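Before I ask anything, here is the structure I am working with.
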Amino acid sequence: MLSSPLNPPPSGPSHPTGRTLFGPPPVPPPRDLRQRFMGGADLRADSAPIRLDADAPPDPRQKLESMRRGLVAVGVDSALFEQVVDRLAPNGDLEKACEVLKTRFATALNALQ
């Protein structure tokens, strides 16, 4: 059988893109070799936006979570801490609970001097 443009041989000539006309396509190169151009995240990595409130005090929830982790680390029950915080801030004013705990801890530590 003669080959013609309409009837190529089964061994398959190469297509201009490198794919064979017959058989499975070639295995793509690894991802790191495929990336030829840097995208937005790649370009911005060293120049990431700086938070406007970087020097702002932490959120009361973060303060209480840090305090809870520290107290649990020295042996205080986490559930007990949460009960005390709930009692100090029944209306959800966590900043007030932080201030009360700060004052009480400072008083307790000063009493030990």
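The values are calculated or read from the model by the stated rules, or taken from the named source; none is laboratory data. Everything numeric in this text was worked out from a predicted model, so none of it was measured. A quick note on method: Cβ atoms are made from the backbone with ideal geometry, for glycine too, and the neighbour counts reach across all protein chains shown.
Given (1) surrounded by 11 or more Cβ atoms within 10 Å (Cβ to Cβ); (2) over 30 Å from the mean Cα position of the chain (by Cα); (3) of a type outside the set (S, T, N, Q), where does P90 come up short, assuming only one miss?
Here P90 clears every test but (1).
Checking N110 against (1) under 29 Å from the mean Cα position of the chain (by Cα); (2) surrounded by fewer than 10 Cβ atoms within 10 Å (Cβ to Cβ); (3) at pLDDT 70 or above, which test does it fail?
(1)
Give me a count of the residues in the range 51-108 that are of a type in the set (G, A, S) and assigned to a helix (DSSP H, G or I).
The first filter runs over the range 51-108 and keeps only residues of a type in the set (G, A, S), leaving 54, 56, 66, 70, 73, 75, 78-79, 89, 92, 97, 106, 108.
Right, trim to assigned to a helix (DSSP H, G or I) and you get 66, 70, 73, 78-79, 97, 106, 108.
Total satisfying the criteria: 8.
So which residues in the range 58-83 are touching a helix residue (DSSP H, G or I) at 6+ places or on another chain (Cβ under 8 Å) and not acidic (D, E), if there are any at all? First the steps, then the outcome.
If we filter the range 58-83 for residues that are touching a helix residue (DSSP H, G or I) at 6+ places or on another chain (Cβ under 8 Å), which is where we start, we get 58, 60-61, 63-64, 67-68, 71-72, 78, 81-82.
If the condition is that a residue be touching a helix residue (DSSP H, G or I) at 6+ places or on another chain (Cβ under 8 Å) and not acidic (D, E), then P58, P60, R61, K63, L64, M67, R68, L71, V72, S78, F81 are the ones that fit.
I need the full set of residues from the range 78-87 which are within 29 Å of the chain's Cα centre (by Cα) and more than 18 Å from Q62 (Cβ to Cβ), in order please. Give the steps one after another, and end with the answer.
Filtering the range 78-87 for residues within 29 Å of the chain's Cα centre (by Cα) gives 78-79, 81-82, 85.
Within the range 78-87, A79 is the sole residue that qualifies.
Can you give me the number of residues within the range 58-77 that are surrounded by 10 or more Cβ atoms within 10 Å (Cβ to Cβ), among the β-branched types (V, I, T) and within 29 Å of the chain's Cα centre (by Cα)? Talk me through it step by step, then tell me what you get.
In the first step, residues of the range 58-77 are kept if they are surrounded by 10 or more Cβ atoms within 10 Å (Cβ to Cβ); the result is 58-72, 76-77.
Within this subset, residues satisfying the condition of being among the β-branched types (V, I, T) are 72, 76.
Retained after the next criterion (residues that are within 29 Å of the chain's Cα centre (by Cα)): 72.
Residues that pass the stated criteria total 1.
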